[in-house]
Amino acid sequence: MAEGDRVIDNPMAWEPPDLEMEEWSDTFTPQREWGVGRGGWVSNSTYLLIALFLGGVGSGAALIALALERASSDWYFIAGYIIGVGGKGFFHVLFLGNPLRGWRAVSRWRSSWISRGIITLNIFAVAGGLYILWPIAGLFGEAGAGVELALFITCVALLGILVVYDGFLLSESAAIGAWNMALMILLFPIFSLLGGAGFLGALYAPIHNDTTRALNLEALHELETILLAAGAFALASYLLTIHRDHFLRESAWKSIIGPLRSLFIVAVVIGGVGLPLVVSAMSLTWHLIEDATVLLAIVALIAVVGDYAFKYIVLRVGGFSQQFAPGIGQWSTAPTDFTMGIQPAGKSPGLGL
């Protein structure tokens, strides 16, 4: 037994000593399972970040395309479908490591948002595929109009779930203070829709001359302006929330204003919110849509990068709080049973992810 360990004969009957609050200290243990950590930039944990990003962009693009055009064979919806279903599904499989483990991902839908998200994605893969193919193949004959409406409503509902899914997934992580807040349910859908709007804006330049696949770019910019204003407010609220909390100020806040500062300011604040907001407002005021399609496409791509940077930073600042008093051991808020036993001094318990 290492020096500094303490054996507790009956943990259930043991009571901690009467210490003043200032005698306790918090340690921050960054999570290394989701999005960042093990194996460098390209690793099993990074695959989940890419899956969340592509799923948000694809779902957001497909949902906005349906809202603006409602054209089942439209390339904008098809592009969102491919990114959302193909990209998210592919990187989810890489994250699992073994495709045969996929059944585990759908077996806990009563309690797991990961299961609910994967089930919803698979249902949308079928419904969205039928919605794209039915006018081309004439699958439903004379009943086509009614089936098309049913598929449209189904796709909108499923895409709505996929857009908000990431926020609910993170907000349920009770052990990670930087995620466990209702703001995640607002922030992630907004940035996913912004990424989807940017993706559609980038597609406009190469295919807008085809009048059969015209996108109402003015309506897209109006929607994007509303989303950007809401995103700026939600992002400011998130920063204020983590700054007010003592532990989050010492962990998440210091990471954002420290090693992640340049990425946050350049990619998220300027590229993801500020620049698209200015350009969208200018295009609506001075009608620059037809005169500056290349510039608008570049700014739209920058907004997509901002969406990825935002999600990377949120996953990066996630971590666990551990409280301990000198010579006693550590308590962890990791998602495991709250127990106390032998804990080597200076060691951290398993994260339980």
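Output yes when any residue across region 224-238 is touching a helix residue (DSSP H, G or I) at 6+ places or on another chain (Cβ under 9 Å) and farther than 27 Å from residue 68 by Cβ, and no when none is.
Within region 224-238, one or more residues are touching a helix residue (DSSP H, G or I) at 6+ places or on another chain (Cβ under 9 Å) and farther than 27 Å from residue 68 by Cβ.
Go through (1) outside any loop (DSSP other than H, G, I, E, B); (2) modelled with pLDDT under 80; (3) among the hydrophobic types (A, V, I, L, M, F, W, C) one by one and return the number of the condition residue 338 breaks.
Only one criterion is unmet by residue 338, namely (1).
Can you name the residue in region 68-112 that is at pLDDT below 75 and part of a helix (DSSP H, G or I) and is also farthest from the chain's Cα centre (by Cα) among such residues?
Restricting to residues being at pLDDT below 75 and part of a helix (DSSP H, G or I), the top hit is 100.
Listed here are the residues, each with its yes/no results for (1) buried (at least 16 other Cβ atoms within 10 Å of the Cβ); (2) under 23 Å from residue 45 (Cα atoms); (3) modelled with pLDDT of 80 or more.
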{"site": "271", "(1), (2), (3)": "yes, no, yes"}
{"site": "277", "(1), (2), (3)": "yes, no, yes"}
{"site": "286", "(1), (2), (3)": "no, no, no"}
{"site": "289", "(1), (2), (3)": "yes, no, no"}
{"site": "315", "(1), (2), (3)": "yes, yes, yes"}
{"site": "321", "(1), (2), (3)": "yes, yes, no"}
{"site": "326", "(1), (2), (3)": "no, no, no"}
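Could you check region 224-321 for helices (runs of 4 or more DSSP H) lying wholly inside it with 2 or more residues that are under 27 Å from residue 169 (Cβ atoms)?
Here the list reads 254-257, 293-316.
Please identify the pairs in which a residue from region 250-278 that is farther than 15 Å from residue 235 by Cα and in contact (Cβ under 8 Å) with a residue 60 or more places away in the chain has its Cβ atom under 9 Å from the Cβ atom of a residue that is of a type in the set (S, T, N, Q) and part of a helix (DSSP H, G or I), counting only partners at least 6 apart or on another chain.
From region 250-278, the pairs are 276/225.
The values are calculated or read from the model by the stated rules, or taken from the named source; none is laboratory data. A quick note: this is a predicted structure, and the numbers were derived from the prediction, not measured. No Cβ is skipped: glycine too gets one built from the backbone with ideal geometry, and neighbour counts run over all protein chains shown.
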